[in-house]
Amino acid sequence: MSSSPEALHIGPVCFRFLQQEAIVYSAWAYRDFWGPVHSIFRTSVALTVELFAGGIDVPDQEPDYSAGKHWWFYKRMDDGLLFVFRPTSFGDRIFCEVDRNLSVCRLYVEGDLNDAPLRYPLDQILTWGMLGKCGGVILHAAGVERDGVGYVLAGRSGAGKSTLSGFCAAAGWDILNDDRVIVHPDRKTGQWLMSGTPWHGTGKYAKNRTVPLGGVYLLQQDQENVAEEIALREARYALMDVAGIAWFEEEWSQRGLDAIARLTEEVPVQRLRFTRSADAVEAVGKC
């Protein structure tokens with residue numbers, strides 16, 4: 001195999017494919033994240049991905065973790081990790097073998113090798129692990145940008161992320177994503193950054209851009225629009241509730257918790273009580 005000239009870029013993570021044939025990411029949300037390797041911006045960590053046709057044998061044991069009927073996780077006897085992904089009950093399976101150092105990933109695809117072989121949720125799962133190598137974490141949050149500065153609007157489903165990011169868009173702000181963003185420190189300067197991801201919400205915002213992080217807001221729908229300071233302990237617990245923490249793998253999860261601890265010490269985190277109206281935008285960006 002020879003190195004492909006293109007790769008999947010998600011925030012500080014780069015997935016480099018060793019594949020001669022052309023790989024296609026036709027889904028609109030991924031188009032901005034698939035491109036030439038030399039176009040990487042602020043990439044901190046990279047994972048080499050090897051592609052193989054067909055399936056492999058699954059360990060004759062209960063999985064170490066099961067996410068319903070969608071994917072399963074096994075710890076291999078050779079100290080490697082195995083993920084088995086089935087997009088639907090009757091869909092083609094994808095098997096992912098990766099070493100614990102997260103340097104090489106082997107993907108075995110029962111379907112079309114060239115049709116977005118690394119896709120949700122496997123790309124997000126591997127990103128959890130890769131972010132641990134650069135001190136970052138995925139947040140269940142919208143990412144909005146104004147004047148070159150990014151702000152995180154964090155909350156569970158129904159908290160109002162898509163609604164508030166829609167108001168921001170109407171006010172002329174740029175929206176990197178309305179459901180999941182990555183926050184991570186720049187490896188050279190230590191400055192915290194916010195990156196968009198392809199894993200969008202109902203607002204369908206997904207931009208591959210990285211900007212300096214100005215602050216984090218924990219969303220709470222209310223009868224007024226006001227940002228309030230909160231204690232460090234409260235901020236950490238609240239972010240743990242909306243962070244992508246890989247609890248099934250101890251080393252990955254600990255690195256995610258360490259990232260949250262550092263984030264809350266170095267970036268302003270506030271509670272944003274807001275109304276479901278365009279006036280709520282005025283309370284954002286005052287961290």
(request) Identify, by number, the condition in (1) more than 20 Å from Glu250 (Cβ to Cβ); (2) surrounded by fewer than 20 Cβ atoms within 10 Å (Cβ to Cβ) that Glu97 doesn't meet. (result) (1)
(message) Can you list residue pairs whose Cβ atoms sit under 9 Å apart, with the first residue in the range 105-121 being among the basic types (Lys, Arg) and the second being in a loop (DSSP other than H, G, I, E, B)? Count only pairs 6 or more apart in sequence or on different chains.
(response) Arg106/Ile56; Arg119/Tyr25; Arg119/Ala27; Arg119/Pro87
(request) Just give me the residues in the range 34-68 being part of a loop (DSSP other than H, G, I, E, B) and at pLDDT 85 or above, in sequence order. (result) Gly54, Gly55, Ile56, Asp57, Val58, Pro59, Asp60, Gln61, Glu62, Pro63, Asp64, Gly68
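Per-residue answers, yes or no, for (1) modelled with pLDDT of 95 or more; (2) farther than 24 Å from Ala261 by Cβ; (3) not in a loop (DSSP other than H, G, I, E, B):
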{"position": "Gly150", "(1), (2), (3)": "yes, no, yes"}
{"position": "Leu153", "(1), (2), (3)": "yes, no, yes"}
{"position": "Ala159", "(1), (2), (3)": "no, no, no"}
{"position": "Arg187", "(1), (2), (3)": "no, no, no"}
{"position": "Met194", "(1), (2), (3)": "yes, no, yes"}
{"position": "Ile245", "(1), (2), (3)": "yes, no, no"}
(message) Looking at Leu218 and the list (1) out of contact with any helix residue (DSSP H, G or I) (no Cβ under 8 Å at 6 or more places or on another chain); (2) more than 26 Å from Trp34 (Cα to Cα), which single condition is not satisfied?
(response) (1)
(message) Looking only at the range 93-147, how many residues end up being over 23 Å from Arg31 (Cα atoms), in a strand (DSSP E or B) and hydrophobic (A, V, I, L, M, F, W, C)?
(response) 3
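Residues checked against (1) free of Cβ contacts under 8 Å to residues at least 24 places away in the same chain; (2) within 23 Å of Tyr120 (Cα to Cα); (3) in contact with a strand residue (DSSP E or B) (Cβ under 8 Å, 6 or more places away or on another chain):
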{"residue": "Gln191", "(1), (2), (3)": "yes, no, yes"}
{"residue": "Gly203", "(1), (2), (3)": "no, yes, yes"}
{"residue": "Asp222", "(1), (2), (3)": "no, no, yes"}
{"residue": "Glu228", "(1), (2), (3)": "no, no, yes"}
{"residue": "Ile260", "(1), (2), (3)": "no, no, yes"}
{"residue": "Ala280", "(1), (2), (3)": "no, no, yes"}
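The values are calculated or read from the model by the stated rules, or taken from the named source; none is laboratory data. The shown structure was predicted, so the numbers you read here are calculated from the model rather than taken from an experiment. Note: ideal-geometry Cβ built from the backbone for every residue, glycine included; neighbour counts use all protein chains shown.
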